[in-house]
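For reference, the structure discussed in these notes is given below.
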Amino acid sequence: DHESETDSVETQPVISLASDQHLPQLEEVQSSKELLFDIEDPAECFFYKKSSIFKYLVAKEDASDTESETDSTETQSETSSASYNSLPKLEKVKPERIRHLLQLKLRICSDPSDFEVKEETLIEIINFFGSDMGSAVLLDQHTQRGLMEMIKSNIIAACPPKNRTMKGTNTVLDTNISLTSREWSDLKHVYRLFLFLINSEIIHEKTCFAQLLNHQTCSSLVSLFNSDNINERRCLREIFFSIFDKFKSFRSLILVALSSEIIAFIYENDHHNGVKDMLILIKSFVILNHSVMKRWNNVLLERVLIPLLRPAKVSTYMQDLSICFRKLGEGNNAVKRIVIRSLVKFWPWKSHTKQILFLDEFFYWLEALNSEDVALLNKVLNSFMAQLLSQSHCLVLGKAFMLWNRPKLLKDSYIGQRYASEFLPAIFGPLVKQSEHWDSIVAQLATGILLKFRDMTPYIYDVCKRTHASDNKKIEKAKQEVTSCWDNVTYLANKNLKHNLQ
C-alpha cells in the first residue's frame, strides 16, 4: 500500500502537466516568455513547451515579426521615394546649387537595389548633361568623380556567384549572375550615361573621369562579358570601342584585359558567354589599325586567337575567329603559314561536325598560299591530306573532295597540276582506297579525282599507280610471311601438345 501511494504521488505531476486543462487560460498570458516566467523546474518547463498554448503563442509572435519587417521595408521604400520626390529638378534650381543637388541624385542612383526612383533620376541626369548648363557642370572634377563612382557602383556591383566548377576540378568559380528585366531597365540607362560621357568632347585623357579608368576598372568591365544578358554585352562592346578609339593610353590596358579573359576561358574555365563578343571587339580594333596594333598583332594571333581552336565549344565562335584570322593575315604571308600549321595541329579528328567546320577555314587559307608558302609547308600538308583522306566518315570525305571542284585550286593551288609531283604520291593510296568506299557518292568522287589527275598529269599518275601496285605487293608479301610464321608456330605447338599427351 505504501509503494502504491508513492507511485501515485510521482505520476500525478506528469499527468497534470501533460494536459492543457491545468495550464493558464489563453486570455491570461500575452507571450511565450510570460508563460514560462515563474517556472524553475526543467521538467515542468519542458512539458509547458509541449503544450498547444505555448505553440500558439510562438506562432503568433513569428507572424507579428514578419509583418513588422514587411512594414519597415515598405516604410523605407516610401521614405526613399518621398525623399526623391521632394528634390527639385536640376533645370529648375539656381546655378550655385546644381552641383550639390547633382551629388544627392548621384547618391540615389548609387544604390543598386532601389529600382523605384533610380530610372527616373538617371534619365533626368542624362538629359541634363545634354544641355549647355550640364556641359558646364561636367567640367568640374568632383562631378566627374561622383559620376564615375556611381557608374562603378551599378555596373561593377558585387553579385552572388553561380555554382560552376573549374574544368577538371571541383573548385567553384565566380560568375556574373543573369540580370532580371527590372534590373536591366535601370542598368541600361547607366550604360547609356557611361557611353555619353566617354564620347563627350569635354572628357579627355587628362580629365579626372578618364584617369579613374585604370587597369583594375578595365579588367572588371571585361569580366562583365560573361553576362547572360546580350544587351549588356552589346553595350560593353560599344563602350570599349569608344575608349580604344578615343583614349590612346588605354589601348594596351584593354588588350591586356581582353587577352587575360580569353586565356582564362581557354585554360581554366569550361564556359563563357562573351567569347564571340570579345572576338568582334578584337576584329574592330584590328580594322582601326592604330599603331599599338602593330605590336600586338603577333601576340594576339599566337597567344590568344590560335589557342581558341582548342576548346570544345569552338563552333559557337568559329565564324568570328575566322574573320580575325583573315584581318590579321591581309598582306602577311607569315600569318598564313601560322594559321595553316595551327589548323593542322588542333584538327578535331574525333568530331566530324567540327572537321567540316575546320575544312571551310582550311580551304580559304589553302587558296591564299603562294609557291614560297607551299615549299615551306609541303611536308605538313602531305601528311595531313593523307590522314584526312584516309578516314571513313562519308560527310568529312565528301566535304574534303569538294576541294577539287574549285577551279582556282586546280589551277595554281597546292592540290592542282602545278604541285602534282609532290602532292599526288601522298594521296594516291587513300584515293584508291576511297574509290571502293561503301558510300557510292564518296566512291564516285574519289574515282573522279583520280581520273582528273590521269588527264592532267598522265606521267605522274602512271608513276604513282606503279608505285602503289609495288607497295601493295610488298604489303601482301609481308602479310604472307607473317601468316606463314604464325602457321609454323601453330604446327609446332600442336606437335608438342601431342608429344606431351603421349
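The values are calculated or read from the model by the stated rules, or taken from the named source; none is laboratory data. Because the structure is a prediction, the values reported are computed rather than measured. Counting neighbours? That spans all protein chains shown, and the Cβs are built from the backbone with ideal geometry, glycine included. To get the accessible areas, we keep the full protein, side chains included, count just its heavy atoms, and leave off ligands, DNA and RNA. Shrake-Rupley method; radii C 1.70, N 1.55, O 1.52, S 1.80 Å.
Summary of computed values
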| item | result |
| --- | --- |
| Difference of contour (0.36 nm per residue) and Cα-Cα distance, residue 220 to residue 201 | 4.3 nm |
| Gained length - residue 387 relative to residue 435, 0.36 nm times residue gap less alpha-carbon distance | 15.7 nm |
| Between segment 440-465 and segment 324-369, the Cα center-to-center distance that results, in Å | 26 |
| Per-residue SASA entry for residue 249, accessible area with 1.4 Å probe, Å² rounded to 10 | 70 |
| Per DSSP, loop GluC sites (Glu not before Pro) in segment 414-502 with at most 14 further Cβ within 10 Å | 436 |
| Cross-link pairs beyond the 31 Å C-alpha cut-off, checked among 408/433; 276/379; 105/206 | 276/379 |
| Qualifying trypsin sites (Lys or Arg not before Pro) in segment 250-324, DSSP loop, other Cβ atoms within 10 Å at most 15 | 313 |
| Of 313/399; 294/327; 350/452, those spanning more than 24 Å from alpha-carbon to alpha-carbon | 350/452 |
| Gained length - residue 482 relative to residue 208, 0.36 nm times residue gap less alpha-carbon distance | 90.4 nm |
| Summed side-chain charge close to residue 313 - residues other than residue 313 whose Cβ falls under 11 Å, Lys, Arg +1, Asp, Glu -1 | +2 |
| Value of D in µm² per second that Stokes-Einstein yields for segment 429-502, Kirkwood Rh from Cα pairs, at 20 °C (1.002 mPa s) | 137 |
